[in-house]
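In what follows, a single structure is set out as structure tokens and then discussed.
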Ligand SMILES: Cc1cc2nc3c(=O)[nH]c(=O)nc-3n(C[C@H](O)[C@H](O)[C@H](O)COP(=O)(O)O)c2cc1C
């Protein structure tokens, strides 16, 4: 599947600018042109995380399906879960185009989209129309011109409570000026208090407690990681997603595209995001769920995230290079790796290399 994509569809898609190509991928998924990929059910990949039963540990990361147009189609191509958004209360256009750039030699992407999305109402209407039991998370954010950013997250919890299987509070996009400041200890404490209070109220009303994850940047100091870990634990957050895109530009081959402003993702962010993941795992201890994201391109790199401390894994950018068959290939590849590792559950491999990754500096 990957080879076929590389030789044909990828060549075709790469004739278009990245945002147009992305629109074409969404249209193909909507129309059913992308073949359904039935991944064999493997009980060793099945896990309970934050009270949800995941059939496999691979999810589509936020940003691919910002407006909840194709969550079911993504679940049909092998992903065990998918995350829509980031959605903001009001629709917003985002930054001027062009705002997505391929770094082909690095298999990386730089984007400075700036939370372009159709707003809460449009995404909610689409999610409400979906039945079924697939795991669809809702990634919530704040409008660029908001007077009260924390309230935008609270609005997200309330609006999507009936349709989200989990929430992600995204405070780590580098493309909304000042958003990452919410990671600073006092602001983070205020955000988590407000968001989790709203969740608890909705849980009382509905009788269902929906878990809330926090998505963080890979560009953090050791003290920054200390603060986030301490706040996550003291507020009894349900989990962390590590990480969003990076502002770093180290070691890139494509120096021309590297100069573009925005967040870098794909293979170049694998190492950095995995180090931060392991450092966070060391700080929060074994019980807090973590989703590892950044540069996952194969079953081997997905498993390495788990060995560094992740319970679940997500990807986006490498699918741009490998095509829609990547999810199924990774899930099948994970089963083969488990044969080799001779374990009865993928959970048994978690944290196996946490010390190795946490000792690295990036
Ligand atoms: C084009 C693009 C748009 C993205 N938009 C979002 C977004 O809206 N919200 C979010 O939390 N992350 C967003 N991300 C970040 C991804 O979810 C992911 O955290 C990051 O790209 C690292 O994973 P990857 O290397 O597998 O892409 C976006 C990434 C890309 C490439």
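In table form, for the structure just shown:
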| item | result |
| --- | --- |
| Ranked list, fewest to most other Cβ atoms within 10 Å of each Cβ, for 161, 166 | 161, 166 |
| Fluctuation leader among 94, 325, 32 - the chain, Gaussian network, Cα springs under 10 angstrom | 32 |
| Of 240, 15, 45, the one that fluctuates the most in a GNM where the chain has Cα springs shorter than 10 Å | 15 |
| Chain lengthening between residue 337 and residue 11 when straightened (0.36 nm per residue, less Cα-Cα) | 114.3 nm |
| Residues 110, 26, 77, sorted so that the one with the fewest Cβ neighbours within 10 Å comes first | 26, 77, 110 |
| Rg(Cα)/(2.2 N^0.38 Å) for the chain, N = residue count | 0.91 |
| Whole-number D in µm²/s for the range 103-176 (Stokes-Einstein; Kirkwood sum over Cα pairs; 10 °C, 1.306 mPa s) | 114 µm²/s |
| Structure-based [θ]222 nm, the chain - -39500 (n - 2.57) summed over DSSP H runs of at least 4, per residue, nearest 500 | -12000 deg cm²/dmol |
| Rounded FRET efficiency, nearest 0.05, which uses the C-beta distance separating residue 38 from residue 221 and R0 of 41 Å | 0.35 |
| Cα extents of the range 14-84 along the three principal axes, largest first (Å) | 40, 23, 18 |
| Choice from 118, 300, 341 with maximal GNM fluctuation in the chain (Cα, 10 Å cutoff) | 341 |
| Kirkwood Rh, Cα atoms: Rg over Rh of the range 132-251 | 0.97 |
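Every number in this text was worked out from the coordinates using simple rules, so none of it is lab data. Predicted, not measured: the structure shown is a model, and the values here were computed from it. Please note: Cβ atoms are built from the backbone with ideal geometry, for glycine as well, and neighbour counts cover all protein chains shown.
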